[in-house]
Amino acid sequence: MLTGFYREEDCKLEDLETLLARQTTLPNGSPAIDLKHNIPIYDAPALAGQLGDSQGRQALLSEWADVLVKQSGALLLRGAVEDQAALQAATDIFDDIVEDERASQSGGDHFAGAGANDRVWNALQKLCLRDASVFIHYFKSPSIAAVCEAYLGPDYQMTAQVNLVRPGGRAQVMHRDYHLGFMSQSQAARYPAHAHMVSASATLQGAVAHCDMPVESGPTKLLPFSQLYGPGYLAYHRPEFQALFESRFVQLPLQAGDALFFSPALFHAAGDNDSADIQRMANLMQIGSAMGRTLEAIDRAAMAAALYPVLLDETLTDLELSAVIAAAAEGYPFPTNLDTDPPLNGLASESQAGLMHRALAERMPKADFEIALGDYLQCRKA
């Protein structure tokens, strides 16, 4: 494992350029329907059969992990949100939230000036609490759940923030993302080199297109293979690396319902919206490992309580139900208070997601579920 610390003098353009010369190679029999700019593209609805087969699922998840970690660092799922009615309903809800919040918030962005965009922070929870049914049909996508699991393993933690860039909106500066990507160069340099690798593997970035996004509307600019560059959390701040990015980035046009996923260490930036009339809306997913800290604090108990009675009346496949619960509930049983929440039936106590699965399987009445959820929260308090 890499040891020591990165220094600013370790940031050499020629080392990055060597990585950028690589080409993506996919295994024989890959279900990818296209390969553009070294980024593989998949037809998400067509993957349902493979994702439902244990061996086929493992092969596909291994392929996606290889692409995200060792190859170009990005992949595109066409039609990941297949339910267009749910996608439009979510778009309408996000538009309403933007209008509600505009008077009191700046709509600022981590990597663009305030006022350039409209932002909906904690869009995951806000969508769930405004319309649980829309949330279910939006997040029931087995392919979205599968790519999260491919990169992070099970029990991942979903967060999401909506970004709305209007015609004339300017691009972000090139960057890496959370964790170390949200630090200054000097702050990131204090973390040992192996921690830079951990940061890159602790979060997955995703973006669901809520409208068709031709290149002129500014879909995400990407620099394939740049996630492999070790000192990148220091280098992206430097002007020569910014200039290289602007001369070498690629973009993929998106259709409404497509989902682009990429490593948080990939050099990237939202593009200029040079269109005449496209209100470019994307739901930006920051999905965290169960073993890390996510970007946002989410009231997952409130989401579980809102979803449960609606899920009782829904007819979903096992994969769809698992995807919805994974997007909403806390899947990891730690941290907890082991005095009041001991692992009586194994090495860990029941997780919030486990409680939801069990309650739905038992057809637990809504009132009983709310009591069980309250007990779950109480026994975990410090």
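Picking from residues in segment 124-155 that are among the polar types (S, T, N, Q) and assigned to a helix (DSSP H, G or I), the one that is farthest from TYR332 (Cα to Cα) is SER133.
Test of understanding: among ALA361, ALA348, ALA326, ALA306, which residue is out of contact with any His (no Cβ under 8 Å at 6 or more places or on another chain), of a type in the set (Gly, Ala, Ser), over 24 Å from LEU152 (Cβ atoms) and touching a residue at least 12 places away in the same chain (Cβ under 8 Å)? Lay out the reasoning, then the answer.
Details: ALA361 fails: touching a residue at least 12 places away in the same chain (Cβ under 8 Å); ALA348 fails: over 24 Å from LEU152 (Cβ atoms); ALA326 fails: over 24 Å from LEU152 (Cβ atoms).
ALA306 is the lone residue from the list that is out of contact with any His (no Cβ under 8 Å at 6 or more places or on another chain), of a type in the set (Gly, Ala, Ser), over 24 Å from LEU152 (Cβ atoms) and touching a residue at least 12 places away in the same chain (Cβ under 8 Å).
In segment 180-207, which residues are among the small types (Gly, Ala, Ser) and in contact with a strand residue (DSSP E or B) (Cβ under 9 Å, 6 or more places away or on another chain)?
So in segment 180-207, the residues among the small types (Gly, Ala, Ser) come out as 181, 184, 186, 188-189, 193, 195, 199-202, 206-207.
Listed by number, the residues that qualify are GLY181, ALA202, GLY206, ALA207.
Selection over segment 42-77 of residues that are in contact with a helix residue (DSSP H, G or I) (Cβ under 6 Å, 6 or more places away or on another chain) and charged (D, E, K, R) gives a count of 1. Here PRO333 passes the criteria (1) surrounded by 17 or more Cβ atoms within 10 Å (Cβ to Cβ); (2) farther than 30 Å from ALA372 by Cα except the one numbered (2). For segment 73-89, name all the residues that are over 17 Å from the mean Cα position of the chain (by Cα) and crowded, with 21+ Cβ neighbours inside 10 Å. Within segment 73-89, ALA86 is the sole residue that qualifies.
For segment 144-186, the candidate set comprises residues that are touching a helix residue (DSSP H, G or I) at 6+ places or on another chain (Cβ under 8 Å) and under 17 Å from GLY4 (Cα atoms); within that set, the residue that is surrounded by the fewest Cβ atoms within 10 Å (Cβ to Cβ) is GLN185.
Return the total of residues in segment 90-105 being under 30 Å from LYS36 (Cβ atoms) and either out of contact with any strand residue (DSSP E or B) (no Cβ under 8 Å at 6 or more places or on another chain) or without any contact (Cβ under 8 Å) to a residue 12 or more places away in the chain (or both).
Residues flagged as under 30 Å from LYS36 (Cβ atoms) and either out of contact with any strand residue (DSSP E or B) (no Cβ under 8 Å at 6 or more places or on another chain) or without any contact (Cβ under 8 Å) to a residue 12 or more places away in the chain (or both) within segment 90-105 amount to 0.
Only one of LEU234, LEU204 is under 30 Å from HIS357 (Cα atoms), touching a Phe, Trp or Tyr at 6+ places or on another chain (Cβ under 9 Å) and at pLDDT 95 or above. Can you tell me which?
Details: LEU234 fails: under 30 Å from HIS357 (Cα atoms).
Answer to the selection: LEU204.
List the pairs whose first member sits in segment 365-382 and is more than 12 Å from GLU350 (Cα to Cα), whose second member is surrounded by 12 or more Cβ atoms within 10 Å (Cβ to Cβ) and not hydroxyl-bearing (Ser, Thr, Tyr), and whose Cβ atoms are under 7 Å apart, counting only residues at least 6 apart or on separate chains? Within 7 Å, the pairs are LYS366/PRO309; PHE369/ALA359; GLU370/ALA305; LYS381/ASN337; ALA382/ASN337.
The values are calculated or read from the model by the stated rules, or taken from the named source; none is laboratory data. Note that the structure is predicted; figures quoted are calculated from it, not measured. In this analysis, Cβ positions are derived from the backbone assuming ideal geometry, glycine residues included, and neighbour counts consider all displayed protein chains.
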